[in-house]
Amino acid sequence: MNLHAIQAIYIYEMKRFFRTIMESLLSPVISTSLYFVVFGAAIGSRIEQVEGVPYGAFIVPGLIMLSVMTQAISNASFGIYFPKFIGTIFELLSAPINFLEIVIGYVGAAATKALLIGVVILITANFFVDLDIQHPVAMLAFLVMICLSFSLFGFIIGIWAENFQQLQLIPLLVITPLVFLGGSFYSISMLPPAWQTVTLFNPVVYLISGFRWSFFGTADVAIGYSLAAIAVFFALCLAAVWLIFKTGYRIKS
């Protein structure tokens, strides 16, 4: 394992993040504040509690997931797409490092950025609602796994994308709608039975449900299903990345 290569890639990507750290961290703070004004105040005044949890606190895990997933994908996809765009990826591929070290460097940096943003949102939320996290270790574990999994997914998107527009295609048209329809701001038990069944086909439901369980001890689906969903998604992304480097898909051409 070439630790120097991993460190070089990781530090380079993190420096790019810290060059715009104010914009990177200020944006989620403003967005979170607006969500609390709209959802917490306007809707929360009509829905006092959901499953015994004050509505303002109930939406916090969903807010964190919405930002963390999109940021992990965005950072990882841009991180690997830009070397493709300017042609420096060929220098990377010709260096004495293997694909695993490249993936660890880029995905590790993207996951770190998403994790920092998730922590910032959690801190911001404490200014609006009282949060008592029942399972802090599980919460951190869920957050880290989701950051890593979606960073891997973003890495795949960055390899697949042929232009900057395609980088935003899946996050905007697929991930964001799935998060909004996956119980971010409501419990799926509030839906009619038929729609509850349909919603269970949304994989994001299991991620958000497990993450919310770590906060409040309540979940829309069993915690075992949530853990299995994260493990399967991570394994699929890892297998896809391995296949990309094995075949050279959109890298060597």
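A short reminder: the numbers here are calculations on the coordinates, not readings from a lab. Small disclaimer: the values here were computed from a predicted structure and weren't measured. FYI the Cβ positions are ideal-geometry reconstructions off the backbone, even for glycines, and counts take in every protein chain you see.
Numbers below:
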read-out	value
Label-zone membership for segment 136-158, site Phe99, 7 angstrom Cα→C-beta point, backbone N under 12 Å	156
Cα-only radius of gyration and Dmax that characterise segment 1-146, units Å	18.5, 60
Proximal aspartates and glutamates relative to Lys246, as straight alpha-carbon distance under 19 Å, when same-chain residues fewer than 8 apart are discounted	Glu91, Glu101
Residues of type aspartates and glutamates that Lys84 reaches as a straight line, Cα spacing below 16 Å, ignoring anything fewer than 8 places off in the same chain	Glu13, Glu162
Spin-label model distance (nm) - Tyr249 vs Val38, 7 Å beyond Cα toward Cβ	3.5 nm
Angle in degrees between helix 3-19 and the longest Cα principal axis of the chain, rounded to the nearest 10	60 degrees
Cα gyration tensor shape of segment 148-253, rounded if a/c is under 1.5, else prolate or oblate by comparing a/b with b/c	prolate
0 to 90° range, to nearest 10: angle between helix 136-160 axis and the chain longest Cα axis	50 degrees
Folded to 0 to 90 degrees: helix 60-86 orientation relative to the chain principal axis, Cα	10 degrees
Rh (Kirkwood; distinct C-alpha pairs) - the chain, Å	18.9 Å
Taking segment 3-247 and dividing mean pair separation by its residue count, relative contact order in percent (alpha carbons under 8 Å, at least six apart)	27 percent
Rough spin-label spacing in nm, given labels placed 7 Å along Cα→Cβ, for Asn163 and Met1	4.1 nm
Virtual paramagnetic centre 7 Å along Cα→Cβ of Val29, amide N under 11 Å, in segment 107-134	120-121, 124
